[in-house]
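K.L.:
Sharing a structure here in structure tokens format.
The values are calculated or read from the model by the stated rules, or taken from the named source; none is laboratory data. Note that the structure is a prediction, hence the values are computed from the model and not measured. Here the Cβ positions follow ideal geometry from the backbone for every residue, glycine too, while neighbour counts run over all protein chains shown. Ligands, DNA and RNA are excluded from the accessible area calculation, which covers all protein heavy atoms including side chains. Shrake-Rupley method; radii C 1.70, N 1.55, O 1.52, S 1.80 Å.
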Amino acid sequence: MKCRRCREPAVIDIRRHNAAFCQECFQHHCREQVRRTISDFDMIQPGERVLVAVSGGKDSLGLWHLLRALDYDVDGLYVGLGIGEYSDTSGAYARDFAQMHGLKLIEVDVPAEYGFDVPDGSRAAKRAPCSACGLSKRHIFNESAMTHGYDVLATGHNLDDEAAVLFGNVLRWDTAYLGRQHPVLPEAPGFARKVKPLVRLGERELAAYCVLTGIDYIVEECPMAVGNKHIGYKEVLNALEERSPGSKASFVHGFWDHAYERFAGDVAQERAELGACRACGAPTPGDLCAFCRLRARATGTPLPMLQDDGA
Ligand code: Q46
Ligand code: ZN
């Protein structure tokens with residue numbers, strides 16, 4: 001097996017590209033995929049400040065490394081979710097990476113700052129853990145990007161993640177989610193721009209990138225992911241990819257090329273109609289945002305007190 005670019009012995013093959021690469025050319029390939037994604041979707045303009053949400057896993061640390069390699073001005077954000085030992089370990093990986101590369105890491109600890117953790121929040125709100133967790137992360141990511149004056153918030157969603165989410169949204173024909181599933185969500189009042197620069201790279205490529213560049217990442221999965229539907233969707237899609245390489249990429253990128261616009265229509269309109277949360281000021285269609293309602297339930301705090309402490 002020879003490298004497609006330089007004809008030296010290859011260390012990895014990527015079936016959907018019908019290509020193999022040596023170590024150096026593989027890193028170049030990953031950078032090129034990210035560079036092209038950023039440029040094709042107009043994700044980041046020259047001089048903009050980027051905040052990358054890091055979990056300590058391969059995708060987010062790989063993304064941070066790739067964005068630095070492409071010379072972006074990018075700091076990290078780690079949100080401690082209070083998921084026992086998993087959070088302690090994942091935070092340590094994020095901190096070690098930042099320290100080793102001399103990069104700035106902003107940290108938000110949910111139990112310390114908001115008085116609850118993800119397991120509590122999930123129980124109190126009777127929501128699946130990943131639903132309570134996802135809601136909290138979206139809120140804190142956006143709030144942190146806005147508070148610290150970043151232009152763009154980048155997340156490490158890769159091709160496999162996007163394919164699994166799209167598969168779920170299509171199975172349920174959840175048109176509201178389909179209208180929001182895009183590699184770029186533009187900025188709007190109260191919202192930072194959100195971008196996903198890894199949507200052309202698969203999970204296996206990210207793991208290989210981290211190993212080949214010496215990035216140490218948390219390998220264990222989050223213990224609360226058990227029962228998460230996306231794990232099942234990924235298994236189905238992996239079986240399909242095995243039989244016809246390239247299926248995931250054509251499913252996801254074909255959606256953006258040919259179908260996304262049909263669902264996207266009213267997102268801008270919906271956002272324009274949002275008011276401000278009475279407790280925290282975040283954009284919301286109601287009186288209080290979903291995060292403040294979750295927090296009130298999880299901490300047993302009456303809503304007026306939540307407003308008094310200005311959180
Ligand atoms: S951290 Fe949170 Fe994930 Fe754990 S509880 Fe689910 S969403 S699985 S990326
Ligand atoms: Zn709020």
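K.L.:
May I ask you to give the percent of accessible area on the chain that is carbon plus sulfur, with a probe radius of 1.4 Å?
P.N.:
About 51 percent, which is the carbon plus sulfur part of the accessible surface.
K.L.:
Express the relative contact order of region 41-195 as a whole percentage, based on alpha carbon pairs under 8 Å and six or more residues apart in sequence. Provide the component values of the computation, followed by the final result.
P.N.:
Numbers: 208 pairs, mean separation 39.1, N = 155.
Normalised by residue count, the contact order of region 41-195 is 25 percent.
K.L.:
Give me the distance in nm between label points sitting 7 Å out from Cα along the Cα-to-Cβ direction at residue 235 and residue 216, one decimal.
P.N.:
Here the answer is 3.3 nm between the modelled labels.
K.L.:
From a point 7 Å beyond the Cα of residue 40 in the direction of its Cβ, which residues of region 246-265 have a backbone N at a distance under 16 Å?
P.N.:
Answer for region 246-265: 246-261.
K.L.:
Given the DSSP H assignment, sum -39500 (n - 2.57) over each helix run of at least 4 residues in the chain and divide by its residue total; what's the result at 222 nm in deg cm²/dmol, nearest 500?
P.N.:
The helix-only estimate for the chain comes to -15000 deg cm²/dmol at 222 nm.
K.L.:
What accessible area, in Å² to the nearest ten, does a 1.4 Å probe give for residue 217?
P.N.:
Near enough 40 Å² of accessible area.
K.L.:
Among the lysines, select those whose C-alpha is under 29 Å from the C-alpha of residue 194, and discard any that sit fewer than 8 residues away in the same chain.
P.N.:
Excluding near neighbours in sequence, the set is 58, 104, 126, 137, 229, 234, 248.
K.L.:
Right, something else. Go through region 187-199 residue by residue and turn each phi into a ³J(HN,Hα) via Karplus (6.51, -1.76, 1.60, θ = phi - 60°); whole Hz please, and just put x for glycine and proline.
P.N.:
5, 7, x, x, 10, 7, 5, 10, 10, 10, x, 9, 5
K.L.:
Then there's this: Hey, what's region 174-279 come to in accessible area per residue, 1.4 Å probe, Å²?
P.N.:
55
K.L.:
Skipping prolines and chain starts, which residues have an amide H placed within reach, meaning under 5 Å, of the one on residue 49, given they are 5 or more residues away or on another chain?
P.N.:
151, 152
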